[in-house]
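Have a look at the structure below before the remarks.
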């Protein structure tokens, strides 16, 4: 809500600043050309009075413009929250299955090291006898 109000006020200051700069006098003409001659402009605004008023308005609007820019950068909006696509994907996969791809833990006792997969059986050709299974000897 505060961010929206600051943006609205910022836009109003921007338009007013543009108008104040465009209304300022150039080299000697200024508002005189807008009123059809220097005689009319001199009686309405005075010779130097219009330039002084418009320069003060421009200065005030420029200061407001700069303060609003700083204020808009300091006030966080809801859409300015940092987002990471990588972090979002990691959270999705972690929520779906936290242990996906990990080997099963041993079921009995303490683990002394990393879990190793069982050895693969050697392919046998026809006519060969398999090697005898080794069993621990009991003494």
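Which FRET efficiency, nearest 0.05, do residue 8 and residue 88 yield, Cβ-Cβ r, R0 25 Å?
0.20
Per 0.36 nm of contour for each residue apart, how much would the distance between residue 65 and residue 24 grow if the chain were fully extended, relative to their Cα-Cα spacing?
Contour length minus Cα-Cα distance gives 13.0 nm.
Values in this text are rule-based calculations from the coordinates and carry no lab data. Keep in mind it's a predicted model, so treat the numbers as computed, not measured. As a convention, Cβ positions derive from the backbone with ideal geometry for all residues, glycine included, and neighbour counts pool all protein chains shown.
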